[in-house]
Amino acid sequence: MGFLMNKSLIFFIGFVLLLLSWRNQDIDVKPNIILINIDDLGWKDLGFMGSDYYNTPNIDKLSQLGMQFSNGYAAAANCAPSRASLMTGKWPTHHGIYTVGSSKRGKSKDRLIIPTPNKTTLAQDETTLAQILNKDGYFTIHAGKWHLSDSPISFGFDLNIGGGHNGHPKSYYPPYKNVGINGDKYLTDQIMEKAIESVDSVNEPFFLYYAPYAVHTPIQPIDSLLPNYENKQSEIGQNNMGYATMIENLDRNIGLLIQNLNERRLFKNALIIFTSDNGGLFGITNQHPLRAGKGSYYEGGIREPFFFVWQDKIRAKSKSNIPITNLDILPTILACTGIEMNNDEYDGVNLLPILLDNKSELDRPLFWHFPIYLQAYKNHNSENRDSLFRTRPGSVIRFGKWKLHYYFEQNEIELYNLDDDIGEKNDLSKIETIKKKELLMLLQNWWKETNAPIPKERNPDYVE
């Protein structure tokens, strides 16, 4: 009898230990990472962000499953520097990519000073998020736009679907001409189909960087979706039917990805991050009440839709107004995967304490530095300082509700209270002089700390 009791006790203890083992294994399973970085999608280009024109039911539903950030920013106002910062976790002052192509954009006679030279390719000695995850055992998939070198394979990706140095396709319809992928479908559909096939073939933890070329120009509509917008009206000025079909098609593809994750029971342990690389292109879409658009360092050029989803970890339907940036994505992902990091190597911060509801404030300034020129997209009112340039050389700091613009040509300053004036219409630099001085000192100290290049040399070609 004693033997039977001892045998039963041993069996029970063994069973409990097995359960604990299974539980610990479940806890230790690394999350799959899906980073969605849309091209040129503006802050108000989605239903959950306030669009009354574009149809985005799948993205809207996904955003409700996690935490939305109303003050989410890109690290730059156009694609190459923003993507370089996202991949490295570093400000442009550290990786040297400030724009696409030359920093001498626009006519030389209109440029008062000589801009800082620009790098067009990410240096090979930079370490990317993909390289870190790959070293930790993740299978890394790049799907869509890369724009930082000839191939993402040399920067830690195991698989490349359509990524190269090109910033946009020559055509969304086959043949795509300058995109390294073959197919008979609309490019956004083709890339997602191959991305899902790749995810289906992976057994180890994976990192999917889904960066579709959409909704960048050329605006090439999906004809079957055009009737959805023929008689649709918008109170915020969104009215481009072709662009609307591209957004709706993008939304459909993201819905297919989420459906696949659910069918394979991968959604529960998937960390999903959604954002855009810069603001929407002014004249094609509208971000009102935000001012201007892509290429500008007013809010319309840098503020983005931004949310995180991680089932049973990040509370559904949660919202935050804490200012964050895509520089924060790399350290946050490393924290979520348990990868040790040196905080001094990155210019963003780990957002996990905010995402898990342990922290409701983040007391730090955000900086942008653009010692370059970027010509206007069209010769009309683009809501920038003048009609010639979307960006003139300068820097920006946001700290709390305050945002200061500093322009290098003539040392001009603009100051805005974003709580009261999100549209940056009322320059308070001559009224709030103490706040102006405080932010300027922070900005000047940051220039020194980061060795930020400050262009000062006058351009001999300039015509007054």
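The values are calculated or read from the model by the stated rules, or taken from the named source; none is laboratory data. Computed from a prediction, not measured in an experiment: that's the story for all the values here. When we count neighbours, we look across all protein chains shown, and the Cβ atoms used for this are built from the backbone with ideal geometry, even at glycine.
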Notebook entry, point to check: Is it the case that some residue within the range 238-253 is assigned by TED's automatic domain parsing to the domain that holds ALA214 and exposed (fewer than 13 other Cβ atoms within 10 Å of the Cβ)?
Noted result: no
Next item on the list: Hey, can you tell me all the residues within the range 209-240 that are touching a Leu at 6+ places or on another chain (Cβ under 6 Å) and not in a loop (DSSP other than H, G, I, E, B)?
Entry: TYR209
Next item on the list: Kindly provide the set of residues from the range 170-209 that are within 14 Å of ASN249 (Cβ to Cβ) and out of contact with any Ser or Thr (no Cβ under 9 Å at 6 or more places or on another chain), ordered by number.
Entry: TYR173, LYS185, TYR186, THR188, ASP189, GLN190, ILE191, MET192, GLU193
Notebook entry, point to check: Can you name every residue in the range 430-464 that is assigned to a helix (DSSP H, G or I), of a type in the set (A, V, I, L, M, F, W, C) and either crowded, with 16+ Cβ neighbours inside 10 Å or in contact (Cβ under 8 Å) with a residue 12 or more places away in the chain (or both)?
Noted result: LEU439, LEU440, LEU442, LEU443, TRP446, TRP447
Margin query: The conditions are (1) in contact with a helix residue (DSSP H, G or I) (Cβ under 8 Å, 6 or more places away or on another chain); (2) surrounded by fewer than 22 Cβ atoms within 10 Å (Cβ to Cβ), and ILE141 fails exactly one of them. Which is it?
Written below: (2)
Margin query: List pairs: first residue in the range 193-218 and more than 16 Å from LEU257 (Cα to Cα) and assigned by TED's automatic domain parsing to the domain that holds SER276, second residue at pLDDT below 95 and not aliphatic (A, V, I, L, M) anywhere in the structure, Cβ distance under 8 angstrom, at least six positions apart or on different chains.
Written below: PRO205/LYS30
Note to self: Being touching a Phe, Trp or Tyr at 6+ places or on another chain (Cβ under 6 Å) and within 28 Å of LEU356 (Cβ to Cβ): is that true of ILE247 here?
What the structure shows: no
Item checked: Of all residues making up the range 274-330, the number that are in a loop (DSSP other than H, G, I, E, B) and hydroxyl-bearing (Ser, Thr, Tyr) -> 3
Margin query: Against the definition (assigned by TED's automatic domain parsing to the domain that holds ILE339, out of contact with any Lys or Arg (no Cβ under 8 Å at 6 or more places or on another chain), more than 16 Å from LEU208 (Cα to Cα) and not hydrophobic (A, V, I, L, M, F, W, C)), how does LYS107 come out, yes or no?
Written below: yes
Note to self: Take the conditions in contact (Cβ under 8 Å) with a residue 24 or more places away in the chain and surrounded by fewer than 21 Cβ atoms within 10 Å (Cβ to Cβ) and apply them to LYS317. Does it pass?
What the structure shows: yes
Notebook entry, point to check: Got a number for residues in the range 263-281 being surrounded by 17 or more Cβ atoms within 10 Å (Cβ to Cβ) and without any contact (Cβ under 8 Å) to a residue 24 or more places away in the chain?
Noted result: 0
Next item on the list: Kindly list, by first and then second residue, each pair from a residue in the range 170-186 that is within 15 Å of LYS145 (Cα to Cα) and of a type outside the set (S, T, N, Q) to a residue that is modelled with pLDDT under 95 and part of a loop (DSSP other than H, G, I, E, B), limited to pairs with Cβ atoms under 7 Å and residues at least 6 apart or on different chains.
Entry: LYS170/LYS177
Note to self: For the condition among the basic types (Lys, Arg) and over 19 Å from ASN58 (Cβ atoms), what is the one hit in ARG264, ARG303?
What the structure shows: ARG303
Check: What are the pairs, 6+ residues apart or on separate chains, where a residue within the range 50-66 that is crowded, with 21+ Cβ neighbours inside 10 Å has its Cβ under 6 Å from a residue that is polar (S, T, N, Q)?
Finding: TYR53/SER234; TYR53/GLN238
Checklist line | Where a residue in the range 134-158 is farther than 19 Å from HIS216 by Cα and its partner, wherever it lies, is aromatic (Phe, Trp, Tyr), with Cβ under 6 Å and at least six apart | finding: TYR138/PHE207; PHE139/PHE206; THR140/PHE157; THR140/PHE207; PRO152/TRP146; ASP158/PHE139
Next item on the list: Being in contact with a helix residue (DSSP H, G or I) (Cβ under 9 Å, 6 or more places away or on another chain), under 17 Å from PRO305 (Cβ atoms) and either of a type outside the set (Lys, Arg) or in the same structural domain as GLU193 (by TED's automatic domain parsing) (or both) narrows it down to one of ILE284, ILE222, so name that one.
Entry: ILE284
Item checked: Yes/no for ILE413 being under 27 Å from GLN375 (Cβ atoms) and not assigned by TED's automatic domain parsing to the domain that holds ILE114 -> yes
Next item on the list: Evaluate the following for ALA292: is it in contact with a strand residue (DSSP E or B) (Cβ under 9 Å, 6 or more places away or on another chain), under 29 Å from TYR53 (Cα atoms) and in the same structural domain as ALA211 (by TED's automatic domain parsing)?
Entry: yes
Checklist line | Out of THR121, THR140, THR116, sole residue that is under 19 Å from the mean Cα position of the chain (by Cα) and part of a loop (DSSP other than H, G, I, E, B) | finding: THR121
